[in-house]
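Undergrad: What follows is a structure written as structure tokens; I'll ask about it next.
Nothing in this text is a laboratory measurement; each read-out follows from the coordinates by a stated rule. None of the values given here were measured: they were computed from a predicted structure. Methodologically, a virtual Cβ is constructed for each residue, glycine included, from the backbone with ideal geometry; neighbour enumeration extends over all protein chains shown.
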Amino acid sequence: MIYPWQMQAWQSVQQAKMGNHLHHALLFSGEEGCGNEAFIQEVAKGLLCLKPLINGAACGECRSCQVFASDAHPDFMSIRLLEDKQSILIDQIRALNYFLGLSRSYSLRRVVVIYPADRMNINAANSLLKSLEEPAPDTHILLLTAHPAVLLPTIRSRCQRARLPLPAHADALEWLQQQVLQHPAEQLLLNTAGRPLAALELDVTDTLVQREQWLTHLTECVQGQGSITAISSYWEKFDKNQLLDWQLGWLLSLLKQGVGGEENSEVRYMQSVLGQQGILHIYDKLLELKKLSTHPLNARLLLESMLVLWRQTG
Ligand SMILES: [Zn+2]
């Protein structure tokens, strides 16, 4: 995936590739949350592709692209933080040096991606230096970091530097507005310092937290706990259609899967208390409310109708 704000960086990589003077070690730097990991993956895929498109992008269909997609390309190596590790370790770089000693299989080049490059510990970084000093033929090592100053100066000086810029606000906003969002795009960008992918992630996580909260409140209603007035005022400003869709989604999964199909313990609890008849009853009533949800009906009244439904059936 090449995002609009990465187009210039993409073109300069492609020009160097066409002119056959792409450096063997490229150090990309740019902030997290801007899609830069996706960018270097695309660069790698394009370098390995057997029939790249005219703009240098991978074709997506050749043998190289297919094995790349299944994460099993013999000429590609990706070095990342291992699970539970704070640093990239020397053993990972040793494996890389071994890889560089092998001969190529599918592609005309070999590609290595190291991210986050600033997390190589001192031993790993020193071990990488040798590969940067004596480059293997037809091999490109792509390093990505959000903190280039943290890298050893000797590593930095052996790489060609490329900056992946933060998008202009208007570009970030335009892209974000094309995504399916639960929150206003402006607000999301403001809270993530203009980083569009971080903004998208914030939208999703925040939504998940709200979805969980809504389920907790509904469970309280079924249990006869919590005041309907208090819960209504909590959700009054929230998108009512969204609240209805979440409820309908939970109920539908219960109706379809029967007992034991749902992972969430609160949903399972609802199932045991309400039974199939109760679930079906709430489902039908919520569908009626959904027809009203676009009318300029009193928001508070609509919310209370939903909550009363759960309380009375529970
Ligand atoms: Zn291809």
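Undergrad: Under a 5 Å amide H to amide H cut-off, with H placed in plane at 1.01 Å, what residues pair with M120 once short-range neighbours are removed?
TA: I88
Undergrad: Something else now. Scan around L143 for amide H atoms under 5 Å from its own, H built in the peptide plane at 1.01 Å from N, and keep only partners 5 or more places away or cross-chain.
TA: L26, L27, F28, I114
Undergrad: Could you give P(r) for segment 4-166, binned at 5 Å from zero, as whole percent values over all Cα-Cα pairs?
TA: Spelled out bin by bin, segment 4-166 gives 2, 9, 19, 23, 22, 16, 8, 2, 0 percent.
Undergrad: Right, something else. Tell me, what ³J(HN,Hα) does each residue in segment 66-76 have, in order and in whole Hz, if you take phi through Karplus 6.51 cos²θ - 1.76 cosθ + 1.60 with θ = phi - 60° and put x for Gly and Pro?
TA: Per residue, the Karplus-derived 3J(HN,Hα) values read 5, 6, 4, 5, 8, 6, 9, 6, x, 9, 10 Hz.
Undergrad: For the chain, what is the convex hull volume of its Cα atoms per residue in Å³?
TA: Values: hull volume 57.7 nm³, N = 314.
Hull volume normalised by residue count: 184 Å³.
Undergrad: What angle, in degrees between 0 and 90 and rounded to the nearest 10, separates the Cα long axis of helix 122-133 from the longest principal axis of the Cα atoms of the chain?
TA: Value to nearest ten degrees: 50.
Undergrad: Follow-up. Sequence gap at least 6, Cα distance under 8 Å: using those rules, report the relative contact order of segment 1-153 to the nearest whole percent. Write out the running numbers ahead of the final one.
TA: Values: 224 pairs, mean separation 44.5, N = 153.
Relative contact order here is 29 percent.
Undergrad: Relative contact order (percent) for the chain, with alpha-carbon contacts under 8 angstrom and 6 or more residues of separation?
TA: On the way: 411 pairs, mean separation 56.2, N = 314.
Relative contact order of the chain: 18 percent.
Undergrad: In degrees from 0 to 90, rounded to the nearest 10, what is the angle of the helix 36-48 Cα long axis to the longest principal axis of the chain?
TA: Value to nearest ten degrees: 50.
Undergrad: Further question on the same structure: Which residue fluctuates the most in the chain, going by a Gaussian network model with Cα springs under 10 Å, if the choices are L289, L132, L89?
TA: Looking only at L289, L132, L89, the biggest GNM fluctuation is shown by L289.
Undergrad: On the principal axes of its Cα set, how long, how wide and how thick is segment 62-139? Give whole Å, largest value first.
TA: Per principal axis, max minus min of the Cα coordinates gives 38, 30, 16 Å.
Undergrad: Could you tell me the extents of segment 27-77's C-alpha atoms along the three principal axes, largest first, rounded to whole Å?
TA: Extents along the principal axes: 33, 25, 17 Å.
Undergrad: Compute the long axis of helix 240-257 from its Cα atoms, compare it with the longest principal axis of the Cα atoms of the chain, and write down the angle in degrees, 0 to 90, nearest 10.
TA: It works out to around 90 degrees.
Undergrad: For segment 196-313, what is the charge dipole size about the Cα centre, in debye to the nearest 20, if Lys and Arg each add +1 at the Cβ and Asp and Glu each add -1 at the Cβ? Write down the numbers at each step before the final one.
TA: Values: 10 positive and 14 negative charges, 87 e Å.
About 420 debye.
Undergrad: Using the eigenvalues of the Cα gyration tensor, what equivalent ellipsoid semi-axes result for segment 196-313 when each is taken as the square root of five times the eigenvalue, whole Å, largest first?
TA: Values: eigenvalues 94, 73, 40 Å².
Whole-Å semi-axes of the equivalent ellipsoid: 22, 19, 14.
Undergrad: Let me check against my output: what whole-number percent is the relative contact order of segment 196-313, with C-alpha pairs under 8 Å and at least 6 apart?
TA: On the way: 78 pairs, mean separation 44.8, N = 118.
The value is 38 percent.
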